[in-house]
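Report on the following structure.
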Amino acid sequence: MRLVSQHHPITFALLVFLLGFLLLTGCNSLRNEVDPGQLGLESSKLVVSSFLCPQDTLLTVKVTRSNTVVGDSISLLQPGNTVTNATVTLSEGDRSVVLPYYKVRPSADSAYSISTKLLPIIAGHTYKLTVVTANGQQATSTCTIPQPVDPGLIKFSSLTEQSRTQLKRYFVQVQWLDPAGQTNAYQVAGIFRYTTTTNVREENYNSLSFDDENRGLFPDVGVDGDTIVSGRAFLTPVSSTGNQQTDFYSQYNTASVTVNLLSIDQSYYRYQEAIIRQRRSRGNPFAEPVLIPSNIEGGLGCFAGYNNATLTLKLK
């Protein structure tokens, strides 16, 4: 006689339910609620940001505190990050000034600030920053102001977009001679000023955005003593209307480009370069994390110097 084994549907469903229940119970047993106070959170650090330039009229230092690395829910329970009761001192040689905390209006960024007349910023000089809070936290750093490098030429040119409408776009590039025998780095920025033929009284301002890999940030690695050429900064936006086929000069009543060539120290360069890489990888879950470098002893942030040289090209 042959025995036939049959699986009763109710019995099979019960076995699946019991198996799932056991797995769920086992997983829940591995989860424990943890008191945030038992995590041993590291105390917040001072975050200091200041950039000195001989052409500026104010010495400005921003001081905040870092958040903990554990969830937003814990960070939200902390008091405001801005430090308002620190003693902030800038010194150079035997001269020093204390910067008072200053806030223009409630919605404005707050900072410690004072006129550069009380401590002029001079190329080649080294400055020390000291921040001491009311509870004894201290952060220090130093920076040396680079020598200026003049932009040698602003080149105005155009190209025709390879599209159905064959739009013509206008752009500028900047070139300068890198001083030989020393380590240099640069940041290129600028403004396009213009009035249109339809509104000759209102002057408009557009910031220049350069299309090179680091958005106008350049080291002199491999080009020491050579001429450096920036990427392109377009003066006219991409448009599908076709009105850019009109000649550039007939669109404007007045037009000029002012370029700022910032000679920056290495701390400035490393800080800005890391920020650019971080923004480039934002939203990519597979990108490697970018650590923002800090030259603040006893805290985080950047204290750096730069020197600004300008050149203006009048287009019309």
Task: Residues whose placed amide H lies under 5 Å from that of TYR102, excluding near-sequence neighbours - done: ALA111, TYR112, SER113
- [ ] Take the alpha carbon atoms of the range 203-223, find their center, do the same for the range 124-141, and report the distance between the two centers in whole angstrom.
- [x] 32
Open item on the list: As a quick test, which of the pairs LYS45/LYS103; LYS45/LYS128; LYS168/LYS314; LYS45/LYS117; LYS103/LYS128; LYS62/LYS117 have an alpha carbon distance above 28 angstrom in this structure?
Closed with: LYS45/LYS117
Task: ³J(HN,Hα) computed for each position of the range 128-137 - Karplus, 6.51 cos²θ - 1.76 cosθ + 1.60, integer Hz, glycine/proline x - done: 10, 10, 10, 10, 10, 8, 5, 9, x, 5
TODO: Arrange the peptides 191-201, 306-316 so that the one whose residues have, on average, the most other Cβ atoms within 10 Å appears first.
DONE: 306-316, 191-201
Open item on the list: Using a 7 Å offset from the Cα along the Cα-to-Cβ direction at both ASN135 and ASP247, what is the distance between the two label points in nm, to one decimal?
Closed with: 6.8
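No value in this document is a laboratory result; all are computed from the given coordinates. Bear in mind the structure is a predicted one, so any value in this text is a computation, not a measurement. When we count neighbours, we look across all protein chains shown, and the Cβ atoms used for this are built from the backbone with ideal geometry, even at glycine.
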